Amino acid sequence: MALRAAILRHVRVPVKTLTLTGRKSQPWGPNGASLRFLSSHGDDHLSKDEVIERVLSVIKSFPKVDPSQVTPDVHFQKDLGLDSLDNVEIVMALEEEFKLEIPDKEADKIDSSNLAIEYIYNHPMAG
Amino acid sequence: MGASSSPKLSGMQKQVLSLYRGFLRAARSKSAEDRHKIESIVSGEFRRNSKQVDRKNFLYIEYLLRRGQKQLDQLKSPDTVGLSSLNVSVSETIDPKP
């Protein structure tokens, strides 16, 4: 009995210190920040207003476009008189502005400000 | 191509646009000056063909697509700085089909 109590008392001390130190170093280590960065819709995600503003300013700066005609739901070819090659150039300019790579299949569908805004706003990597 | 109000694209149109996109992507990897030159040459070439080539001339468009793809592959190589050779091949093929 005396032996058992002695062993228990002996064991308790190191176990306690182990859990304490072990717990402290894990969740708040330097890795915490980068883990958060990976989450797709974190605090740093672009606001809709910011997306709209930057999309429109990219379109307005396109040489063939009359900036006064650019609205959040303007259609590139129907309203701005652009052709499908211009359309490609605008989508490429948006890729650069938001540091994205838009696959062909998606890029072919983006033919208006509205679709561009929706696509970029819903893209987790847009920055 | 100009007056279209973005109807559904044909498979061949998609290929052309995809090639155009490929060229613009490749141009990004070059220096600012070269990039600008490449973009204006490529854009001029695509626009010229979009006006001059009959949209029903599928064989010729297919030929242009293949030729463009080869030129794009060359451009992608980091050793390729610019597209001055493209001008030569363009003038050669203004009278198409050997």
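The values are calculated or read from the model by the stated rules, or taken from the named source; none is laboratory data. What you are looking at is a predicted structure, and each value in this text was computed from that prediction instead of being measured. Heads up, the Cβs are rebuilt from the backbone with ideal geometry, glycines too, and the neighbour counts pull from every protein chain shown.
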(message) What pairs come out if I take residues in region B:7-23 that are at the interface with chain A (Cβ under 10 Å from one of its Cβ atoms) and pair them with residues that are assigned to a loop (DSSP other than H, G, I, E, B) and crowded, with 16+ Cβ neighbours inside 10 Å whose C-beta lies under 7 Å away, six or more apart or interchain?
(response) B:Leu9/A:Asp108; B:Lys14/A:Asp108; B:Leu17/A:Asp108
(request) Could you run through region B:11-53 and say how many residues are of a type in the set (Gly, Ala, Ser), out of contact with any helix residue (DSSP H, G or I) (no Cβ under 6 Å at 6 or more places or on another chain) and either surrounded by fewer than 15 Cβ atoms within 10 Å (Cβ to Cβ) or closer than 13 Å to A:Glu89 by Cα (or both)? (result) 7
(message) Here's a check for you: in region A:108-127, which residue that is under 23 Å from B:Ser50 (Cα atoms) and in contact (Cβ under 8 Å) with a residue 24 or more places away in the chain is nearest to the other protein chains (Cβ to nearest Cβ)?
(response) A:Asp111
(request) Could you figure out which of (1) out of contact with any Leu (no Cβ under 7 Å at 6 or more places or on another chain); (2) within 12 Å of chain B (Cβ to nearest Cβ); (3) in contact (Cβ under 8 Å) with a residue 12 or more places away in the chain; (4) in a helix (DSSP H, G or I) isn't true of A:Lys105? (result) (3)
(request) Taking B:Val42 as meeting all but one of (1) at pLDDT below 95; (2) under 14 Å from B:Tyr20 (Cβ atoms); (3) not charged (D, E, K, R), write down the number of the exception. (result) (1)
(message) Given the condition in a loop (DSSP other than H, G, I, E, B), in contact (Cβ under 8 Å) with a residue 24 or more places away in the chain and surrounded by 14 or more Cβ atoms within 10 Å (Cβ to Cβ), answer yes or no: does some residue in region A:93-101 qualify?
(response) yes
(message) Please count how many residues of region B:43-80 are within 14 Å of chain A (Cβ to nearest Cβ) and in a loop (DSSP other than H, G, I, E, B).
(response) 2
(request) Give the residue, chosen from B:Lys70, B:Lys76, that is modelled with pLDDT under 95 and within 15 Å of the chain's Cα centre (by Cα). (result) B:Lys76
(request) Among residues belonging to region A:62-84 that are more than 22 Å from B:Phe46 (Cα to Cα) and assigned to a loop (DSSP other than H, G, I, E, B), point out the one that is nearest to the other protein chains (Cβ to nearest Cβ). (result) A:Asp79
